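Visitor: Sharing a structure here in structure tokens format.
Derivation of every value follows stated rules applied to the coordinates shown; laboratory data play no part. Just so it is clear, the model here is predicted, and its values are computed rather than measured. Don't worry about glycine lacking a Cβ; one is built from the backbone with ideal geometry, like all the others, and counts go over all protein chains shown.
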Amino acid sequence: MTKPNKLKQGDKIAIISLSLGLLGEPSMAFQKELIKKRLNDFGLEVVYTPNALKGIGFLKDNPQKRAEDLKWAFEDDTIKGIICAIGGDDTYKTIPYLLSDKTFISNVQKHPKIFIGYSDSTINHLMFQKIGLCTYYGHSAIVDFGELNKEMLPYSKMWFKKLFKEEASIEITPSPIWYYERSSFDESEFGKERISKTEEKGYEVLQGTGTVKGELFGGCVESLSELISGGRYGDEADVNNKFDLFPSLPELEGKILFLETSEEKPIPEKLNELLLVLEQYGVFEVIAGILVGKPMDEAYYDEYKEIYTNITGRYNKPILYNVNFGHAHPKCILPYGAEATVDFDKRTVKINEPMVLR
């Protein structure tokens, strides 16, 4: 797996809309400027891909234009990083335009760049895994850099800074505070603190003991499951089958699987259904262990614990629960393909290699 170079001041960062075109809507004007300011504060120059700001309707109807934006970003050697604007539900529609393009694949392999996002961006990460690029399950432009607090959430800010330095290893420690989702994202909310709570639980071991070491792989449960089952549009499995996006069982052997639920806060029965798809595929037979992200707003917190334990229990796979990644606030960054060690006795998670180079 090829890693990109670390970010440095003066680097150009592209904001891209590979799924929902929300950033181009008039209601996003304030957050668009906030995103630019926050990234400028890191010393980064912000550009928008050619179609990133064309709005929800245009991008919904033109997945090829979304794909062209990603090709554009990898063709431009001055761009050092790419940040997804937000998730959505149909980024898989860009895959045929990308994985059928040998020039794009060659550009990714010859000119690795930082690519970061979460939620529906899970599908993009799987594509880059197939091509051989290490990407990052983490921040999105609207949610994290467009945060309406006076400052970015401190834990999320700390983790983004890690993309600016080559650290031999990194421990993922629990955030001391977690935050509820906002009920309004209007400009008038700027400067209003999120409702927050002190983290009282920390990491929880649902099952298992000892230490597990393996490469990180995973994403949003809904995105992973629907890629196999067909999804809400019905044809997602066809794309998966044609381009082999979801790794084979031999490719998943020994991985540490990270899973988290979306802002839709699926009811427990829905989560059970989604995990059954992964079980039937054979995922839980071959992985080494599981990291589960904190549910947004701690919705169904205890019910989810029971479901994960029930479905994976027969495979005797250790599970560490309530880790700060994905849709809950704040979030860390998980590098795909990087080796990590999870100590279930000490309840610690450590990335054993640099996330970025140089």
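Visitor: Mean residue ellipticity at 222 nm from the helices of the chain, using -39,500 (n - 2.57) per DSSP H segment of n ≥ 4 over the full residue count, to the nearest 500 deg cm²/dmol? Mind dumping the intermediate values first?
Guide: Numbers: 13 runs with 116 residues, N = 358.
Helix-only estimate at 222 nm: -9000 deg cm²/dmol.
Visitor: Hey, what did the stretch 170-351 get for relative contact order, percent, Cα under 8 Å, at least 6 apart?
Guide: Values: 340 pairs, mean separation 62.5, N = 182.
With pairs under 8 Å counted, the relative contact order is 34 percent.
Visitor: Mind checking which lysines have their C-alpha under 17 Å from Lys93, skipping anything on the same chain fewer than 8 residues away?
Guide: The reachable lysines, counting only those whose Cα sits under 17 Å from Lys93, are Lys60, Lys65, Lys71, Lys130, Lys242.
Visitor: Further question on the same structure: For the chain, modelled as a Gaussian network with Cα springs under 10 Å, which listed residue fluctuates most, Asp90, Asp297, Asp61?
Guide: Comparing Asp90, Asp297, Asp61 in the GNM, the peak value goes to Asp61.
Visitor: Next question, about the same structure. If you take every DSSP beta bridge whose two residues both sit in the chain, what share of them, in percent to the nearest 5, is antiparallel? If you can, show how the numbers build up before the last one.
Guide: Values: 20 of 49 bridges.
If we restrict to bridges inside the chain, about 40 percent are antiparallel.
Visitor: For Lys162, which aspartates and glutamates qualify as cross-link partners when the Cα separation must be under 20 Å and same-chain residues fewer than eight apart are set aside?
Guide: Cross-link targets: Asp11, Asp41, Glu45, Asp144, Glu147, Glu151, Glu171, Glu215, Glu339, Glu353.
Visitor: Determine the relative contact order of the stretch 136-252: mean sequence separation of Cα pairs under 8 Å and six or more apart, normalised by residue count, in whole percent. List each step's numbers first, then the result.
Guide: Details: 71 pairs, mean separation 21.3, N = 117.
Once divided by the residue count of the stretch 136-252, the mean separation gives 18 percent.
Visitor: Taking only C-alpha pairs under 8 Å that are 6+ residues apart, what is the relative contact order of the chain in percent?
Guide: Details: 789 pairs, mean separation 74.3, N = 358.
Once divided by the residue count of the chain, the mean separation gives 21 percent.
Visitor: Okay, moving on. Using modelled backbone amide H atoms (1.01 Å from N, in-plane), which distant-in-sequence or interchain residues come within less than 5 Å of Val323's amide H?
Guide: Under 5 Å from the amide H of Val323: Val292, Gly293, Lys294.
Visitor: Under a Cβ-only charge scheme (Lys and Arg +1, Asp and Glu -1), can you give me the dipole magnitude of the stretch 170-351 about the Cα centre, in debye to the nearest 20? Don't skip to the answer; put the middle values down first.
Guide: Working: 19 positive and 33 negative charges, 116 e Å.
Dipole size: approximately 560 debye.
Visitor: Can you give me the long-range amide H partners of Gly218? Hydrogens built in the peptide plane at 1.01 Å from N, cutoff under 5 Å, separation of 5 or more residues or another chain.
Guide: Distant-sequence amide H within range of Gly218: Phe258.
Visitor: If you don't mind, another one. How large is the charge dipole for the chain, taken about the Cα centre, if only the Cβ atoms of Lys, Arg (+1) and Asp, Glu (-1) carry charge, to the nearest 20 debye? It would help to have the intermediate numbers written out before the result.
Guide: On the way: 44 positive and 54 negative charges, 244 e Å.
It works out to roughly 1180 debye.
Visitor: On to the next question. Computed from these coordinates, which is Rg/Rh (Cα atoms, Kirkwood Rh): [x] 0.93; [y] 0.97; [z] 1.09?
Guide: Among [x] 0.93; [y] 0.97; [z] 1.09, the one derived from this structure is [x].
Visitor: Using a simple charge model, +1 on the beta-carbon of Lys and Arg, -1 on the beta-carbon of Asp and Glu, nothing else, what dipole does the stretch 12-164 show about its Cα centre, in debye to the nearest 20? All intermediate terms of the calculation are to be shown ahead of the outcome.
Guide: Numbers: 20 positive and 17 negative charges, 65 e Å.
Dipole magnitude for the stretch 12-164 comes out near 320 debye.
Visitor: For the stretch 262-273, in order, what is each residue's ³J(HN,Hα) by Karplus, 6.51 cos²θ - 1.76 cosθ + 1.60 with θ = phi - 60°, in whole Hz (x at glycine and Pro)?
Guide: Karplus values, whole Hz, x for Gly and Pro: 7, 5, 6, 6, x, 4, x, 4, 5, 4, 4, 5.
Visitor: Tell me, what is the FRET efficiency for Met158 and Thr78 to the nearest 0.05, using R0 = 22 angstrom and their Cβ-Cβ distance as r?
Guide: Details: r = 27 Å, r/R0 = 1.24.
For R0 = 22 Å, the calculated efficiency reads 0.20.
Visitor: Give the lysines whose C-alpha is closer than 23 Å to that of Lys317, dropping any in the same chain fewer than 8 places away, or say none.
Guide: Lys201, Lys213, Lys255, Lys270, Lys294, Lys305, Lys346, Lys350
Visitor: From the residues Leu271, Ile13, Gly55, which one has its Cα farthest along the dipole of the chain in the positive direction, the dipole being from +1 and -1 charges on Cβ of Lys/Arg and Asp/Glu about the Cα centre?
Guide: Sorting the options by dipole projection puts first Ile13.
Visitor: What are the trypsin sites (Lys or Arg not before Pro) within the stretch 119-206 that DSSP puts in a loop, where the Cβ has at most 11 other Cβ atoms within 10 Å?
Guide: Values: sites: Lys130, Lys150, Lys157, Lys161, Lys162, Lys165, Arg182, Lys192, Arg194, Lys197, Lys201; in loops: Lys150, Lys165, Arg182, Lys192, Arg194, Lys201.
Answer by residue number: Lys150.
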